[in-house]
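The structure under discussion appears below in the form of structure tokens.
The values are calculated or read from the model by the stated rules, or taken from the named source; none is laboratory data. If you're wondering where the values come from, they're calculated on a predicted model, not measured in any experiment. Neighbour counts are summed over all protein chains in view; Cβ atoms, including those assigned to glycine, are modelled from backbone coordinates with ideal geometry.
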Amino acid sequence: MALTIPLPTGIAAKSIGLEVWMDRVLERANLVRRGWDADDVHDLRVALRRCRTMADALSEVNPGPGWRKLKKASGDLFRALGDLRDAQVERSWVKKLGPPRDPVRKQLLRTLAGQERLHREKAERALDQFDRKAWKKLTRKLASKARFFPMESVVFQRLALAQLNTAGDLFQKARKSRSAIAWHRLRIGIKRFRYIVENFLPQRSEVWGDDLRRMQDLLGDVHDLDVLRGRIRRSASKLSPAIQKEWIDRIDAKRKALLQEFLQISAGPNSPWLTWRAGFQWGHALVAAPFPSRRTA
């Protein structure tokens, strides 16, 4: 007999659906112009990313040219905001890891401030070229097409299960190799699984969301530190070996702590991987199964 899951009451309908996020892109675009605050940049990029990831998934289950148009219309702005966001995040890490009078900190902050200015100018041009009228028109055209399959539909469950399997394979590879590339690939795999769950499986997202966000955030921090470590190594000619080693050791210690926390969450009898798998325990039928309780520390 098929088991059902009642929709958790904590889910707000206004936060679900392609039309909601396409409208939010326009709202955030107006906010970001006020000062290009890091949080506003992040919020606009999140809204764009939501639209783009939904378009990717929907193009598989309900094909049409509109999804490609959405990706093309948002591509330049999304990439420009990504470059700006990366510079802002890297600058934040430098401030956290180095004391105020540290010469490496000062040098890196000067370099990153210059890069941030360039990326902001590029993002401003991309935002100027972003066609709001065309975006609104595209929103109206795609809204009904996006609702062709209801939330929690079996087609979205299959997409999520396929991505979960991919992420699981990447997890095993990362645990064996422990390389920066392997952890980065795993971060992308978890991120894609998370986006499908958040956008199309709100019942599961309500239960799994905390673990998904925390695991992605931890691997995101690891990736940021890997980027910063690479920057310091490329600046070796400008730094004394002792100072360079001090920064590399500091980065490696923080990186190790983040990965240890990730593995503590990911492994063992309370692993979220087991919880996520249990959410699709009915195999090909993919009837919604009762969720295991949210894990506790």
Can you pull out the residues in the stretch 238-267 that are modelled with pLDDT under 85 and either within 22 Å of residue 220 (Cα to Cα) or among the aromatic types (Phe, Trp, Tyr) (or both)?
267
Residue check: is residue 274 closer than 30 Å to residue 162 by Cα, surrounded by 12 or more Cβ atoms within 10 Å (Cβ to Cβ) and under 21 Å from the mean Cα position of the chain (by Cα)?
no
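Matching residues to (1) modelled with pLDDT under 95; (2) within 24 Å of residue 190 (Cα to Cα); (3) buried (at least 16 other Cβ atoms within 10 Å of the Cβ); (4) not small (Gly, Ala, Ser):
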{"position": "15", "(1), (2), (3), (4)": "yes, yes, no, no"}
{"position": "18", "(1), (2), (3), (4)": "yes, yes, yes, yes"}
{"position": "22", "(1), (2), (3), (4)": "no, yes, yes, yes"}
{"position": "33", "(1), (2), (3), (4)": "yes, no, no, yes"}
{"position": "37", "(1), (2), (3), (4)": "yes, no, no, yes"}
{"position": "45", "(1), (2), (3), (4)": "no, yes, yes, yes"}
{"position": "50", "(1), (2), (3), (4)": "yes, yes, yes, yes"}
Enumeration of residues in the stretch 91-149 that are assigned to a loop (DSSP other than H, G, I, E, B) and either farther than 23 Å from residue 27 by Cα or more than 26 Å from the chain's Cα centre (by Cα) (or both):
98, 99, 100, 101, 102, 148, 149
Of all residues in the stretch 110-159, which are more than 20 Å from residue 82 (Cα to Cα), polar (S, T, N, Q), in the same structural domain as residue 28 (by TED's automatic domain parsing) and surrounded by 15 or more Cβ atoms within 10 Å (Cβ to Cβ)?
139
If you scan the stretch 196-216, which residues turn out to be in contact (Cβ under 8 Å) with a residue 60 or more places away in the chain, under 13 Å from the mean Cα position of the chain (by Cα) and crowded, with 22+ Cβ neighbours inside 10 Å?
196, 199
Is there any pair with a first residue in the stretch 218-235 that is closer than 16 Å to residue 83 by Cβ and a second that is among the β-branched types (Val, Ile, Thr) and surrounded by 15 or more Cβ atoms within 10 Å (Cβ to Cβ) whose Cβ atoms are under 6 Å apart and which are 6 or more apart or on different chains, and what are they?
224/89
Yes/no for residue 170 being under 30 Å from residue 32 (Cβ atoms), modelled with pLDDT of 95 or more and part of a helix (DSSP H, G or I)
no
